[in-house]
Every structure is written in C-alpha cells, then in structure tokens.
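**Q** Below: one structure in structure tokens.
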Amino acid sequence: MSIRHLSDVLVSQIAAGEVVERPAAVVKELVENSLDAGARSVTVQIEEGGVRRVVVADDGSGIPVDELPLALARHATSKIDDLAGLETVASLGFRGEALASVGSVARLRLLSATADAAHAWEIGMEGGVSQPVRPAAHAVGTTVEVRDLFFNTPARRKFLKSPPTEAGHCEAALRRLALAHPQVAFAWSIDGRQRQELAAHDLPLRVAALLGREFAAAALAFDQRAGDVRVHGFALPPGSDAGKDQYLFVNGRYIRDRMLAHAIRECYRDMLHGSQAPACVLFLELDPARVDVNVHPTKAEVRFREPQAIYRLVYHAIHPLLARPVAAFTGVSGGLDGVPGGWAGGGAGGLDTLSWAGVPASAQQAGLPLPAAEPAAGPWGGAHPSSAPAAPVVPPGDSAPPLGYALGLLHGAYIVAQNADGLVVVDMHAAHERILYERLKSQMDARVESQTLLEPLALTASAEAVSVVDGHADELRALGVDVAPLGPQQLAVRAVPTLLSRADPQRWLPRLLQEWADFGQSGALQARRDSFLATCACHAAVRAGRQLSVAEMNALLRELEQTERGGHCNHGRPTWRALPLAELDALFLRGR
Ligand code: ADP
Ligand code: MG
C-alpha cells in the first residue's frame, strides 16, 4: 500500500477509539462540556446501558448558531487558542475532539440556544457525516443526544458489557462529576427510571448524598494549604467500613494517580488490613500551570510539576488526622465524637462537627503497670513497660475520661468500662499492643542507632537512586544509613541502622532510594523498621487470660487515650468499641 492521508471520518473514528471507550465516556465528555459552559443544572438520561441512547441537557451558555458546525468539527474548541492557553487550561475540555469523535461512531443531535438568539438551532451528525443546521425549539442551554453508539464500528460494540454493567459505569462517571461540582444540580435516569436527583449543595451535603450518610458520619475532614496549593476532603478512619472508594480530583477533574494514592496509603500505614485502599475524597486545587493535564487522551492522568511538594502536602494533611489519640478529640456531644470505633456505626463525628484540640504531650511517660507476658525478641528486649503506681479508681461521672473507668475484665480478654455516654469495651491485648508499638517507635525516632559494616558493601542501583545519595547524604545519615556513590549505578554502603543489620542492604536500600527519587521522601526504611517493632510489640503485649487489677485496667485505658493511632491495633482491628446508653436503651426497648 502506498502512503496516503486518512479521511477525516477515519481519523475521528481512530481518535474515538481512545476517547470513547464505552458509553460512560460519552456521558463524561458531554457533562464536562455542560460544566465548561457554566451550567447550573445538568440532566442525563441513559438507555440500555447508554448504547441505545444518552441525552445530556444543560442550562449553560449555549452555542451561537454560526459555531454549531465547528462544535462538531475535529480539533475545534472555544477553550484554548495557543500553547500558553494549553499550559494554563482551567476548563475540563480543550482538545476539541469529543463531539467529533462521538459523532463519528454514533448518531448525534445537538440542540442549543444562546441568551441573545431569537430561537434555538440544531445540528446532527451520523457516522462522521454532519447534517445542515436547522431551526429548533430549546431554552437557553444545550442538549446533546447520542444514539446507537458504535452502530458503524461493530468490532467495538462487541467489547461492551451487558447494559446494566455499562449503566453502572455511566453512573460511576456521573457520581465523580457530581462530587467535584456540588454547586451544580444533577439529575439522572436509567431506562426511564429516576436514579438520582441532587440539588445544588455545599460539599459536605453532596458527599453525604453520593457516598452515603454512613460515610459522611464517619469521615474525618482535612484542609491544608501550602502557598497557593490547597488539599482538602474527607477520609475514613482506619477500620471503618463506611465506604471503600477513593476519589481523587485535581482542579475539579477526577484522576487516577499513583503518587497521590501512595501518599494516602502511607498515612494509613500499619493501621489498615492488607491491601485495602483507604476510602477518601480528596480535592487538590492549584494553579493550572503547575499541573499538566494533557498527558492522557481522556485526561484521566495528570503530571505535577512539583510532585514531591504535592506528596508532602497530602501526607501532612491526612496523616496527623488519623494518628491523633482518643484524648485529642472533642466532638460536639462529648468526648467520643469522631473517634474511630463506635458501636454499629455510632459515635462518629461527622463532616462538620469535628474539632481538633491538639495532642496533649503529657501522660506519655507514665509506664503501664503491666508486666510483659514474654520478653521481646531482638534489640528491644529491654523496652517493655516498667511498673508505675496504680491509678486510683475514680467514680464514674460526667467528667469521666473518653474511655471511662474500668468495671472489670470479661473472659480475661476484654476490659469493660463505663464512660459518660455508656459502655466501653476494650480489647486488652490489641490496646496494649498499640501502646507498646507507638512507644517503641517514638523511642526509635529519638535515637537511631547505626552499625558500621566490617567492610563497605558495593550495591547496584539506578542512576536516579545514586543521585538521591548525592543530594541527601546527611538526611540518610540521620536515618542511620551511611552510603556514598561509587559509580554511575553503584553505591558503597558503610553503615546501616542497627535494626536492619541482619537484612541484605541490596534488598532494601535501592528501593528506598528509588522511592525517595519518585516521591521525595521515603517511608520504605521506616516501614521495615516498623514491621519489626510491631512484631516486638505483639510479643510483649499482655496476653488474654492474664488477670488485671482494676487499677491496671484504668492505667491501660488512660494510656490508650493518649496513644497515637490508639483506636486500632497495627493490624487494623479496632482496640475498643462504645455502646452509648441510648443504644442500650433501644436494645431493651426502653423509652427515655
Ligand atoms: P472541547 O470540550 O475539548 O472544546 P468538544 O468536542 O467536547 O471539545 O466540544 C467542542 C466545542 O463545542 C467546545 O469547545 C464548546 O465551545 C462547544 N460545546 C460543546 N458542548 C457544549 C455545551 N454543552 N454548551 C456550550 N458549548 C458546548
Ligand atoms: Mg469537551
């Protein structure tokens, strides 16, 4: 075959392969156009999974009649006109590709009216062939109807799933768009049945409407700025099952991002089960010039100009929120609001009721009057608690501390306590384990011991990893690692943290440095250390079956209240649960 130009229609159909993967992509592109047009209200109809018909109607600015043919033309957009515009684009669209692509693989009809037009106009396109503009009836705004998606590209149609599955994808796309634009009213229907109707909201209400009341009640709010970058949103405390999805938005655009996901995961380290992704809604707002949105055909991925600064901002917005101890919460209705745990979903702070009283620095020194069940292995053998005077048993009252006062030990495993709200049950072993673990970590943070190797060890590492060593030798030394470049892809290690002296540096150091290069800080070294400390804590923590005195139990409760991440053991299980009197009364059908 000789070389020749592809027809415009074929070019559009090829582009459609990237932009219009399935009906949900049509929904996304059309609604984004509505949002870019300043719509206050968007209505969507989906039929047979969106394959038979998708209709998106808005009350946005509309399209002037002389621009209607252009709206359907490839590479025609009203949103940018030069490279500077591309680099600072604030609208959701800018490629001028969506309508042309959709129109090349479906039957498209667009009706639109601007405020100053005498009446509306419509234009159509079928399989890439556009039809003449005609007068029509339509209020100010735009309606786009897309029928018979992939009617002329049967191969693509074969890849579609069942209508309910495709409809599910459409709804997922709508949820993301609606989450990012709470100030816009949304309504959508599937096969004629109304599925969602959202008035213009503030963000917390929108989150509650879309992710459920349980999520809204349990989620913790965060909001941080660094310069002109803002990150805010809501994250579930570890162990909460009030949601499972992660929504990341950059300047109102839903994205997937490995770096952001990593930063969030790091916040939950040693508080989550296995590979579970922490549920959250995160909005990042920054100058569009600081983020490149033109790296992916559907703009599902972005590239940050300063990824490390973003990583740190996100980490510092969420991490302290999850780590704070029970005693640091002051909810509206007493001590327990917002604290992870809660019986049957109760006792949580909610999106707007939470306040943060700062971490008390006191009481961290008092040792637990609990002898360790068995000596801890490794260099931390000496780290288990020393005896301290037993705390007095104070009669319960309104001023009871958050976890209350111990009443007794249930089956040698659970401390039963009474607080101002009702009943508290604490898993003795899990609680003690977390207390010891946090104490070991802070002892380690204060003093990192390093062990010099008998002779320097040569390692292979990526050029990026080697360059991290060049720039951060001092910081590495503070972590107990003495390492220097030996060649473009070679390192010489002279000392390692004592804790890791038995592990092969080739296995952890290159990874640590690579992470540092990618994200600007590394949790890898700490993660290794922490998993070792966690094992120590688990072995040293008091075992079920040991009888504790009431004074010992109270001491454990007080210490747990002050412990960071005290709500969960390091496997993500809760350490305590509360059953307020009101719920007890309900259990006994007692009206109060
Ligand atoms: P892009 O959004 O990248 O500009 P599209 O193909 O999605 O490309 O749309 C082309 C143009 O059509 C847009 O730039 C805009 O001017 C116009 N347009 C599309 N949909 C609407 C709408 N709902 N309201 C107003 N204008 C619209
Ligand atoms: Mg568009």
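**Q** Please work out the ratio of the alpha-carbon Rg of the chain to 2.2 N^0.38 Å and round it to two decimals. Each step should come with its number before you reach the end.
**A** On the way: Rg = 29.3 Å, N = 592, 2.2 N^0.38 = 24.9 Å.
For the chain, the normalised Cα radius of gyration is 1.18.
**Q** Here's a follow-up. Using a 10 Å cut-off around each Cβ, can you sort Met259, Met271, Met1 from fewest to most neighbouring Cβ atoms?
**A** Numbers: Met259 17, Met271 22, Met1 3.
Fewest-to-most ranking of Met259, Met271, Met1: Met1, Met259, Met271.
**Q** Sticking with this structure for a sec: Treating the angle as unsigned and between 0 and 90°, give the value, to the nearest 10°, between the Cα long axis of helix 505-519 and the longest Cα principal axis of the chain.
**A** Once rounded, the angle reads 50 degrees.
**Q** Apply the Karplus curve 6.51 cos²θ - 1.76 cosθ + 1.60, θ = phi - 60°, to the phi angles in the stretch 174-190 and return the couplings in whole Hz, x for Gly and Pro.
**A** Along the stretch 174-190, the couplings run 5, 4, 4, 5, 5, 4, 7, 9, x, 6, 9, 7, 10, 9, 9, 10, 10 Hz.
**Q** If I take R0 = 56 Å and measure r between the Cβ atoms of Ile3 and Ser467 in this structure, what FRET efficiency does the formula 1/(1 + (r/R0)^6) give, to the nearest 0.05?
**A** After rounding, the FRET efficiency stands at 0.80.
**Q** Suppose R0 equals 35 Å. What FRET efficiency, 1/(1 + (r/R0)^6) with r the Cβ-Cβ distance, do Arg258 and Arg546 give to the nearest 0.05? Could you put the intermediate results ahead of the total?
**A** Values: r = 45 Å, r/R0 = 1.29.
Here the calculated transfer efficiency is 0.20.
**Q** What does the stretch 450-592 give for Rg and for Dmax, in Å, if only its C-alpha atoms count?
**A** Just the Cα atoms of the stretch 450-592 yield Rg and Dmax of 23.2, 77 Å.
**Q** Residue by residue through the stretch 471-480, what is 3J(HN,Hα) from phi via Karplus (6.51 cos²θ - 1.76 cosθ + 1.60, θ = phi - 60°)? Round to whole Hz and write x for glycine and proline.
**A** Calculated HN-Hα couplings, in order: x, 10, 4, 5, 4, 5, 5, 4, 8, x Hz.
**Q** Here's another thing I want to ask about it. Given the peptides 301-310, 418-427, arrange them by the average over their residues of other C-beta atoms within 10 Å, most packed first.
**A** By packing density, highest mean first, the sequence is 418-427, 301-310.
**Q** Let me ask something else. Dipole of the chain (Lys/Arg Cβ +1, Asp/Glu Cβ -1, origin at the Cα centre): which of Pro574, Ile123, Ala173 lies farthest to the positive side?
**A** It is Pro574, whose Cα lies furthest towards the positive end.
**Q** OK, next. Neighbouring Cβ atoms within 10 Å as the yardstick, rank Lys79, Lys161 fewest first.
**A** Numbers: Lys79 16, Lys161 12.
By the 10 Å Cβ count, ascending, the order reads Lys161, Lys79.
**Q** Pop out the ³J(HN,Hα) list for the stretch 242-253 in order, Karplus 6.51 cos²θ - 1.76 cosθ + 1.60 with θ = phi - 60°, rounded to Hz; leave Gly and Pro as x.
**A** Residue by residue, the stretch 242-253 yields 7, x, 9, 9, 10, 10, 10, 10, 10, 6, x, 10 Hz.
**Q** So, one more: Along the Cα→Cβ direction, 7 angstrom out, place labels at Arg502 and His232. What is the inter-label distance in nm?
**A** In this crude spin-label approximation the distance works out to 5.0 nm.
**Q** So, one more: May I ask you to sort Val291, Val314 by Cβ crowding, counting other Cβ atoms within 10 Å and putting the fewest first?
**A** The fewest-first ordering by Cβ neighbours comes to Val291, Val314.
**Q** Give the calculated FRET efficiency between Val129 and His296 to the nearest 0.05, with a Förster radius of 25 Å applied to their Cβ-Cβ distance. Don't jump to the answer; show the numbers that get you there.
**A** Working: r = 29 Å, r/R0 = 1.16.
So, using R0 = 25 Å, E works out to roughly 0.30.
**Q** Using a basic spin-label model with each label point 7 Å from the Cα along Cα→Cβ, how many nm lie between Ser442 and Ala484?
**A** The two pseudo-label positions are separated by 3.8 nm.
**Q** Then there's this: Contour minus end-to-end for Arg494 and Asp585, with contour as 0.36 nm per residue of separation and end-to-end as the Cα-Cα distance?
**A** Residue separation times 0.36 nm, minus the Cα-Cα distance, leaves 26.3 nm.
**Q** If packing is taken as the average count of other Cβ atoms within 10 Å, what order do 484-490, 216-222 fall into, highest mean first?
**A** Ranked by mean Cβ neighbours within 10 Å, highest first: 216-222, 484-490.
**Q** Moving on. Could you tell me, in Å, what Rg and Dmax come out for the Cα atoms of the stretch 450-533?
**A** 11.5, 35
Where a number appears in this text, it was derived from the coordinates with a stated rule and is not lab data. As the structure is a prediction and not an experimental result, all values here were calculated from the model. All Cβ positions, even for glycine, are placed from backbone atoms using ideal geometry, and neighbour counts span all protein chains on display.
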